[in-house]
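One structure is given below, encoded as structure tokens.
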Amino acid sequence: MEAQKGISLIDQYVIDFVRKLRDTSNLSQEEIANIIGVTRTYITNVESTKHPAKYNLSHVNLLADYFNLSPKDFLPTKPL
């Protein structure tokens, strides 16, 4: 895994996890945006390699609640 410019490896891990979760759940960027209370453009920026936008802990908590997961499920098992 290579982090996009301005994003740490752990932030990239979370971004990749949410993108995969979104894809496997057949959710749109708009639906993820509604879950965490941001715009679709924000999600587009998070998933783009050209923007340093990223999810914060509040976003992770809201997504974990929506998907009935633990926030720790969004993190790697070992340091990166």
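The values are calculated or read from the model by the stated rules, or taken from the named source; none is laboratory data. Everything quoted here is computed from the prediction, not taken from an experiment. Cβ: placed from backbone, ideal geometry, glycine included. Neighbour counts: every protein chain shown.
Remarks
- Residues in the range 2-40 that are among the polar types (S, T, N, Q) and outside any helix (DSSP H, G or I) were compared, and the one that is surrounded by the fewest Cβ atoms within 10 Å (Cβ to Cβ) is ASN26.
- Scan of the range 41-75 for residues that are more than 14 Å from ASP11 (Cβ to Cβ), part of a helix (DSSP H, G or I) and over 9 Å from the mean Cα position of the chain (by Cα), ordered by number: THR41, TYR42, THR44, SER58, ASN61, LEU62, ALA64, ASP65, TYR66, PRO71, LYS72, ASP73
- Take the conditions (1) modelled with pLDDT under 95; (2) farther than 20 Å from LYS78 by Cα; GLU2 misses just one of them, which is (2).
- Subset of the range 41-61 (residues that are among the β-branched types (Val, Ile, Thr), surrounded by fewer than 17 Cβ atoms within 10 Å (Cβ to Cβ) and over 26 Å from PRO79 (Cβ atoms)): THR41, THR44
- Residue within the range 15-32 that is in contact with an Asp or Glu (Cβ under 8 Å, 6 or more places away or on another chain) and of a type in the set (Val, Ile, Thr) present: yes
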